[in-house]
1. If you wrap a convex hull around the Cα atoms of segment 63-159, how much volume per residue is inside, in Å³?
2. Counting other Cβ atoms within 10 Å of each Cβ, which trypsin sites (Lys or Arg not before Pro) in segment 106-169 have at most 15 and sit in a DSSP loop?
3. Can you compute the FRET efficiency between Thr159 and Asn80 using 1/(1 + (r/R0)^6), with r the Cβ-Cβ distance and R0 = 41 Å? Round to the nearest 0.05.
4. Working from the pairwise distances between different alpha carbons, so that the mean of 1/r is found and then inverted, what is the chain's Kirkwood radius in Å?
Amino acid sequence: MYQYDYKTGNSQVLIEDLVIGYHTWYTKDIVVSAVLEEGGLSLVVSNIKEKTNNTIQKKIGRSLHKIPNSQLISYISKENEVWEIKSLNPKTGETRRIKEVIPESEDICWLINGDILMAKGNTIYKFNPKTDNDWSIFHTFKNPELDNITRMSSNNISTLFTLVASKSHK
């Protein structure tokens with residue numbers, strides 16, 4: 001992983017010897033990443049200042065996010081047959097189960113109110129760990145050309161939302 005100064009064109013190595021597929025910044029010195037190794041992704045916490053890399057778990061998904069109003073990061077655990085959304089405290093390494101994923105889905109995003117959004121096909125589902133027992137439908141797109149939502153993102157205050165989907169061939 002490199003830091004690139006677009007004004008000067010200079011770059012600096014931040015993390016060596018890891019093939020990082022996806023990442024999220026926890027602090028200015030701590031990066032939580034999905035590292036490509038052994039045919040899959042592993043959850044790694046890197047401290048850039050101290051030049052340390054701590055592998056937390058193997059068999060994870062690509063969806064890494066700060067959990068709003070907390071000091072935690074979420075990730076998708078693929079350790080078991082039923083995949084789960086888990087939280088990670090990058091400072092202590094402690095992980096906790098949040099909820100099982102919707103089958104055949106692995107990308108989520110968080111809203112500022114604590115809702116998790118997860119998509120399958122043309123439907124977005126919602127789950128709030130503090131108030132809900134199960135997933136509920138948040139929105140179903142009626143456009144027949146929109147199918148297979150694969151990525152979603154919201155800004156920090158949940159006023160903007162974007163998604164990526166395949167064009168249906170139906």
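Rule-based calculations on the coordinates, nothing more; no lab input. Keep in mind the model is a prediction, meaning the values are calculated, not measured. In this analysis, Cβ positions are derived from the backbone assuming ideal geometry, glycine residues included, and neighbour counts consider all displayed protein chains.
1. For segment 63-159, the hull spanned by Cα atoms encloses 102 Å³ per residue.
2. Values: sites: Lys120, Lys126, Lys130, Lys142, Arg151, Lys167; in loops: Lys130, Lys142.
Within segment 106-169, the qualifying trypsin sites (Lys or Arg not before Pro) (loop, at most 15 other Cβ atoms within 10 Å) are Lys130, Lys142.
3. Details: r = 36 Å, r/R0 = 0.87.
Between Thr159 and Asn80 the formula returns 0.70.
4. Numbers: mean 1/r = 0.0582 Å⁻¹.
After inverting the mean inverse Cα-Cα distance, the result is 17.2 Å.
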